[in-house]
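K.L.:
Below is a structure I'd like to ask you about.
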Amino acid sequence: MLTGDVKVVIYVSDVLESVRYYSGVLGFDLLHYFDRSTGESVDEWTKSEPPIYAEMSAGGRKFGLHMPVNEADRRSVGATKVYFRVRDLAGCRGQIERDGGSPGEAIERPWMDMFEVTDPDGNRIVFATSGDGSWIVES
């Protein structure tokens, strides 16, 4: 019944600002914006009203940045924590710092080494490596 595909949606207060952060600071790829008025995907946002959704990619895995559309969504803004596995934790941390981000201190655990950044809305994005090599996403 299930395909195995999972898409994470991160609720944000401003999709354009979040796209700038996730692509410019974290190095993720913008795939497209969703134009609600036409029901189509567009590569560039040129309208005066803000986009409601942007599809992003990190290491080939898609996720969405979404404006809240109801009260439950509004409560979710800034309340998400997502982990991204990387091969080179120090290199990833250094790149984020060079691109204007403020990565937290590196944390070493027997099962995982990691650091965390906080997006403009307060969502927590964790970059991590693990000893078993499973679930690795390129940075």
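K.L.:
In region 12-70, what GluC sites (Glu not before Pro) fall in a loop by DSSP, with at most 12 other Cβ atoms inside 10 Å?
P.N.:
Counting only loop positions with at most 12 other Cβ atoms within 10 Å, the GluC sites (Glu not before Pro) in region 12-70 are 44.
K.L.:
If you don't mind, there's one more thing I want to ask. Under a point-charge model restricted to the Cβ atoms of Lys and Arg (+1) and Asp and Glu (-1), what is the dipole moment magnitude of the chain relative to its Cα centre, in debye to the nearest 20?
P.N.:
Computed about the Cα centre, the dipole is about 300 debye.
K.L.:
Then there's this: So how much slack lies between residue 36 and residue 97, counting 0.36 nm per residue of separation and subtracting their Cα-Cα distance, in nm?
P.N.:
Answer, rounded to one decimal: 18.5 nm.
K.L.:
Students often forget the sequence filter, so: which aspartates and glutamates lie under 14 Å Cα-Cα from residue 7 once same-chain residues fewer than 8 apart are removed?
P.N.:
55
K.L.:
Cα convex hull of region 1-82: how many Å³ per residue?
P.N.:
On the way: hull volume 10.5 nm³, N = 82.
Given the Cα convex hull of region 1-82, per-residue volume reads 128 Å³.
K.L.:
Return the percentage of antiparallel bridges among DSSP beta bridges fully within the chain, rounded to the nearest 5 %.
P.N.:
70
K.L.:
So what's region 39-99 giving for Cα Rg divided by 2.2 N^0.38 Å, two decimals?
P.N.:
Dividing the Cα Rg of region 39-99 by 2.2 N^0.38 Å gives 1.45.
K.L.:
Rounded to a whole number, what % of the accessible area of the chain do carbon and sulfur atoms account for, probe 1.4 Å?
P.N.:
The C+S portion of the solvent-accessible surface of the chain is 48 percent.
K.L.:
Taking the Cα centre of region 25-71 as origin, work out the dipole magnitude from +1 charges on Lys and Arg Cβ and -1 charges on Asp and Glu Cβ, in debye rounded to 20.
P.N.:
160
K.L.:
Could you point to the residue in 103, 25, 72 farthest towards the positive end of the chain's charge dipole, with +1 and -1 charges on the Cβ of Lys/Arg and Asp/Glu respectively?
P.N.:
So the residue furthest toward the plus end is 72.
K.L.:
For the Cα atoms of the chain, what angle does the longest principal axis make with the long axis of helix 89-98, in degrees from 0 to 90, nearest 10?
P.N.:
On a 0 to 90 degree scale, this one is about 50.
K.L.:
Suppose we take every Cα in the chain and form the convex hull; what volume per residue is that in Å³?
P.N.:
Values: hull volume 18.8 nm³, N = 139.
Cα-based convex hull of the chain, divided per residue, equals 135 Å³.
K.L.:
Going by Cα centres, region 1-26 and region 90-118 are how many Å apart?
P.N.:
19
K.L.:
Counting Lys +1, Arg +1, Asp -1, Glu -1, what net charge surrounds residue 62 among other residues with beta carbon under 12 Å of its beta carbon?
P.N.:
-1
K.L.:
Hey, got a sec? Which chymotrypsin sites (Phe, Trp or Tyr not before Pro) in region 66-122 land in a DSSP loop and have at most 15 other Cβ atoms within 10 Å?
P.N.:
111
The values are calculated or read from the model by the stated rules, or taken from the named source; none is laboratory data. The shown structure was predicted, so the numbers you read here are calculated from the model rather than taken from an experiment. As a convention, Cβ positions derive from the backbone with ideal geometry for all residues, glycine included, and neighbour counts pool all protein chains shown. Protein only, heavy atoms only, side chains kept; ligands, DNA and RNA dropped before computing areas. Shrake-Rupley method; radii C 1.70, N 1.55, O 1.52, S 1.80 Å.
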